[in-house]
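J.: Can you read through this structure? Questions will come right after.
The values are calculated or read from the model by the stated rules, or taken from the named source; none is laboratory data. Since the structure is predicted, the reported quantities are computational estimates derived from the model, not experimental observations. With ideal geometry, Cβ positions are generated from the backbone for all residues, glycine too; neighbour counts draw on all protein chains shown.
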Amino acid sequence: MSESIMLSKSKDFAVEIVKICKIIKENQREYVLTSQLMRSGTSIGANIHESKYAHSTADFIAKMQIALKECYETDYWLELLNRTEYINNDQYRSLLNTCGQIRRMLISSINTLKKENQ
């Protein structure tokens, strides 16, 4: 799996997260859940980007695992925003789908690296 594809997808996802949070904050005045989503949703790409500058394979894997954890957290905040009707089902499914794609890429990369370094 190419790092550039994963990084590009995670950056595009972060942009979508920022946009949806901005809309919710402006139109519905919800700040707590959107702040959490903004932090976790943008952190995915930041950690993938940071992994490019890892000092070792173990450091690289650690950064990717942090990104993976942020994916799982982002899923949670998206679900809460959907269940509380701040985002509709279409928005939820679209964002969840993209987050899932990134998560699968991260899992694949982490597993591959772990196998190669046993």
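J.: Within segment 71-118, which residues are surrounded by fewer than 13 Cβ atoms within 10 Å (Cβ to Cβ), polar (S, T, N, Q) and out of contact with any Ser or Thr (no Cβ under 6 Å at 6 or more places or on another chain)?
T.: Listed by number, the residues that qualify are THR84, ASN88, ASN89, ASN97, SER108, ASN111, THR112, GLN118.
J.: Something else now. Which condition from (1) of a type outside the set (Lys, Arg); (2) closer than 20 Å to MET105 by Cα; (3) in contact with a helix residue (DSSP H, G or I) (Cβ under 9 Å, 6 or more places away or on another chain) is the one that LEU37 breaks?
T.: That leaves (2) as the condition not met.
J.: Quick one: GLN91 ticks every box in (1) over 20 Å from SER108 (Cα atoms); (2) without any contact (Cβ under 8 Å) to a residue 12 or more places away in the chain bar one, so which box is it?
T.: (2)
J.: Between a residue in segment 107-118 that is touching a residue at least 24 places away in the same chain (Cβ under 8 Å) and any residue that is in a loop (DSSP other than H, G, I, E, B), which pairs come within a Cβ distance under 6 Å, given they are 6 or more apart or on different chains?
T.: Pairs found: SER108/MET1; SER109/MET1.
J.: I'm checking my understanding of the structure. Among residues of segment 79-118 that are closer than 29 Å to PHE60 by Cα and in a loop (DSSP other than H, G, I, E, B), which one is modelled with the lowest pLDDT?
T.: In this case the residue turns out to be GLN118.
J.: Suppose we filter segment 53-77 for residues that are outside any helix (DSSP H, G or I) and not hydrophobic (A, V, I, L, M, F, W, C); how many remain?
T.: Here is the first cut: in segment 53-77, the ones outside any helix (DSSP H, G or I) are 53-56.
When the remaining residues are screened for being not hydrophobic (A, V, I, L, M, F, W, C), the result is 53, 55-56.
Going through segment 53-77 one residue at a time, the tally reaches 3.
J.: What's the number of the condition ILE5 fails, among (1) surrounded by fewer than 15 Cβ atoms within 10 Å (Cβ to Cβ); (2) touching a Phe, Trp or Tyr at 6+ places or on another chain (Cβ under 7 Å); (3) touching a residue at least 40 places away in the same chain (Cβ under 8 Å)?
T.: (2)
J.: Can you tell me which residue within segment 31-70, out of those that are farther than 29 Å from LEU113 by Cα and among the hydroxyl-bearing types (Ser, Thr, Tyr), is surrounded by the most Cβ atoms within 10 Å (Cβ to Cβ)?
T.: Among them, the one singled out is THR34.
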